[in-house]
Structures are given as structure tokens and as C-alpha cells.
Amino acid sequence: MTTPALDAMSEFAKHERKSPMDFVIVTGLSGAGKTLAVHGLEDMGFFCVDNMPPALLPQFAELCAHSQGRISRIAVVMDIRAGHFFQNLPEMVQTLRGLGFNPKLIFLEAEEATLVRRFKETRRRHPLATRHRTLLDSIRLERKQLQELRAGADKVIDTTEMGPKTLKEEFAMLFTGREHPARMLVNVLSFGFKHGVPSDADVMFDVRFLRNPHYVPELQPFTGADAAVEEYVLADPDAQPYLDKLKDLLAFSLPRYSDEGKSYLTVAIGCTGGRHRSVVFARLLGDFLREQGYEVVLEHRDWKR
């Protein structure tokens, strides 16, 4: 069902959309891994919304279409938690298609014993459980209620034998054509120990053993972003070997962090004040990681102090 306002929005959206919008609806059995799937989609750049009532789908899609390309990949989780609103999902999917969208309906399921085990491990209550309905009965009732929705899904994924990593890889293959998700985002952060250690650092390296430009009067006003300071720091006989070892360590460890499902990593480089040595190393390591194909954010926390 549409309204004049929605029809007008649709015509504008169709005019505005110059490339297809990725629109994914994730649904399925409770405990089958919908939340994990959405985390994987977020890592792939999808704008994700959990537990949206199906009746809001058309308006939400049109709002995203009006974003002038800022939102081009959407994933929405819809399941039995929406209560009687959930019954409208098939109708709303057809409405979306009539408005010019092409949503992909992904249905997640798992074997009965696996769902029981997952609920017991998490100690969460099944959405259909009542005082008079056991967990097993709730799982069976939900499966029965969703039979029609499952039959109309574009893709059914059985997560019985899947862990978090495998499920993310399944979605990466579906929406990127690659077995593994896109490479993680790496935040390379320079800082000064005298201003405090960054609380969000995953990996931290100390360059205070290198000679300090702070004690060279003509270099003191500058930072590690200046060529003269970089040249001075790298002239230390220990600087280049240490830099090479850090590159080797990051080249070895970052893919393994990614394999464990980590999508964001902060590498912190510290010197005394955070103006010279740490800035040089952070810049050079950031350049190296970009060459390795990582998306890098470079941040100098203390260089203006």
C-alpha cells in the first residue's frame, strides 16, 4: 500500500538513483546468527538497522535513496521480535520492488539441537517462549510460522556448522565475491608517554630509545612531519632496523587479526612528548600499511602540544 507522499518520494528517488542500491533483509530463526551476520555486513560498509518493523521499510528505503549516494548499501534485520508487525514482511518486500528497489531476502536457520544449545549458552529467552511454552516448543513454533517466508527467500543459509568467522566469510562471498571480508581499517596513532597512554590502543610500540630531536635547538620547533626531523631520526643507527622489524611484525600479525574477525585495529607509536620520533614512525608505518592494501587513518594525538 502506498500514499501520494510516498509515490512522490518514489518518483524522485527513481530519478536520483543512478546505480543500484544494495538492499539486504536478514531474517530467519532466532538464534541462527542474524546479529553476527549484520556485524559482518557492517564491516563491508552496509548501513545496518536491527529489529525494524516491516511497515517502515518503504519509507526507510526512500530516505536512504535521498541521501545523494551517502547511503548505498543497506541491511535490515527483521524477525519474530516484531510480533504481529512481522506478518507484513512479504507484502512490504513486494512494495519495495514496486518502488524500484531490489531487496535480497536472506533467511538464516539452524538445526534444532544447535538452536537449543545456543540459547542455553547465551541464557537468552526465546521471543516466543511463555510460562506454558518450552524453549524447544518455541523453536518449533517459530520454524512453522516462518515456513512461507523461508520459501520466498533469495538465499537460505544453514548456520548449524558455522562459527562467527565462517558466517562472516559466507556473507563476504555473497556480497563482495571474495572469501574474506575487506581488509581491516588500521588507525596508526602517534602519542607522547608524558601525556598518557592511549586507552584504545590494540598494539603499542615505544621509540623513546632513539635519539631525541627535542634536544637539537634548530629541530625543536618542528615535528616529525618535517623532512629535517625525519632525516635526523632515521640517521640513528637503530632507527631503520627497528622500523623494518615493526613492518615485518605488522605484515605478519595484521592478517591474523583479520582472520579472527577484527575489522578495526589501533597501532600506537609513542615517544616522550609525541611531537618528533613517534610522528616519524607513525607516518612511515602508515605509508607501509597503505602499500599493503589496508585502509589507514593516521592520527597524531600530541604533536600540537
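The values are calculated or read from the model by the stated rules, or taken from the named source; none is laboratory data. Since the model is a prediction, treat every value here as computed from it, not as a measurement. Positions of Cβ are backbone-derived with ideal geometry, glycine not excepted, and every protein chain shown enters the neighbour counts.
Where helices (runs of 4 or more DSSP H) sit wholly within region 226-298, none has at least 2 residues that are touching a strand residue (DSSP E or B) at 6+ places or on another chain (Cβ under 7 Å) and without any contact (Cβ under 8 Å) to a residue 24 or more places away in the chain.
Please list, ordered by first then second residue, the pairs with beta carbon atoms under 7 Å, 6 or more apart or interchain, first in region 115-127 and within 21 Å of Met78 (Cα to Cα) and assigned by TED's automatic domain parsing to the domain that holds Ile139, second among the hydroxyl-bearing types (Ser, Thr, Tyr) and surrounded by 16 or more Cβ atoms within 10 Å (Cβ to Cβ). Partner pairs satisfying both residue conditions: His126/Ser30; His126/Ser138; Pro127/Ser30. Kindly evaluate Phe205 against the criterion of being at pLDDT 95 or above, touching a helix residue (DSSP H, G or I) at 6+ places or on another chain (Cβ under 9 Å), assigned to a loop (DSSP other than H, G, I, E, B) and not hydroxyl-bearing (Ser, Thr, Tyr). Spelling it out, it is not the case that Phe205 is at pLDDT 95 or above, touching a helix residue (DSSP H, G or I) at 6+ places or on another chain (Cβ under 9 Å), assigned to a loop (DSSP other than H, G, I, E, B) and not hydroxyl-bearing (Ser, Thr, Tyr). Exactly one condition in (1) modelled with pLDDT under 85; (2) over 27 Å from the mean Cα position of the chain (by Cα) is not met by Gly69; state its number. If we test Gly69 against (1) modelled with pLDDT under 85; (2) over 27 Å from the mean Cα position of the chain (by Cα), just (2) comes out false. For Phe191, the conditions (1) touching a Ser or Thr at 6+ places or on another chain (Cβ under 7 Å); (2) among the aromatic types (Phe, Trp, Tyr); (3) under 13 Å from Val280 (Cβ atoms) are fulfilled apart from (3).
Residue-by-condition table, conditions (1) buried (at least 16 other Cβ atoms within 10 Å of the Cβ); (2) in contact with a Leu (Cβ under 9 Å, 6 or more places away or on another chain):
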position	(1), (2)
Gln68	no, no
Ala110	yes, yes
His132	no, no
Ile139	yes, yes
Leu146	yes, yes
Lys155	no, yes
Glu169	yes, no
Met173	no, no
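Scanning region 244-287 for residues that are of a type in the set (Phe, Trp, Tyr) and surrounded by 18 or more Cβ atoms within 10 Å (Cβ to Cβ) yields one hit, Phe281. Just so you know, in region 109-135 the residues that are in a loop (DSSP other than H, G, I, E, B) and in contact with a strand residue (DSSP E or B) (Cβ under 9 Å, 6 or more places away or on another chain) include one that is nearest to Leu36 (Cα to Cα), and it is Ala110. Among the residues of region 141-156, those identified as in contact (Cβ under 8 Å) with a residue 12 or more places away in the chain and either in contact with a helix residue (DSSP H, G or I) (Cβ under 6 Å, 6 or more places away or on another chain) or under 28 Å from Leu174 (Cα atoms) (or both) are Glu142, Arg143, Gln145, Leu146, Glu148, Leu149, Arg150, Gly152, Ala153, Asp154, Lys155, Val156.
Hey, any hits in region 68-84 for a residue that's in the same structural domain as Leu128 (by TED's automatic domain parsing), within 16 Å of Pro103 (Cβ to Cβ) and part of a helix (DSSP H, G or I)? For region 68-84, residues in the same structural domain as Leu128 (by TED's automatic domain parsing), within 16 Å of Pro103 (Cβ to Cβ) and part of a helix (DSSP H, G or I): absent. Being of a type outside the set (A, V, I, L, M, F, W, C) and either modelled with pLDDT of 95 or more or within 23 Å of the chain's Cα centre (by Cα) (or both) is a property that does not hold for Glu148.
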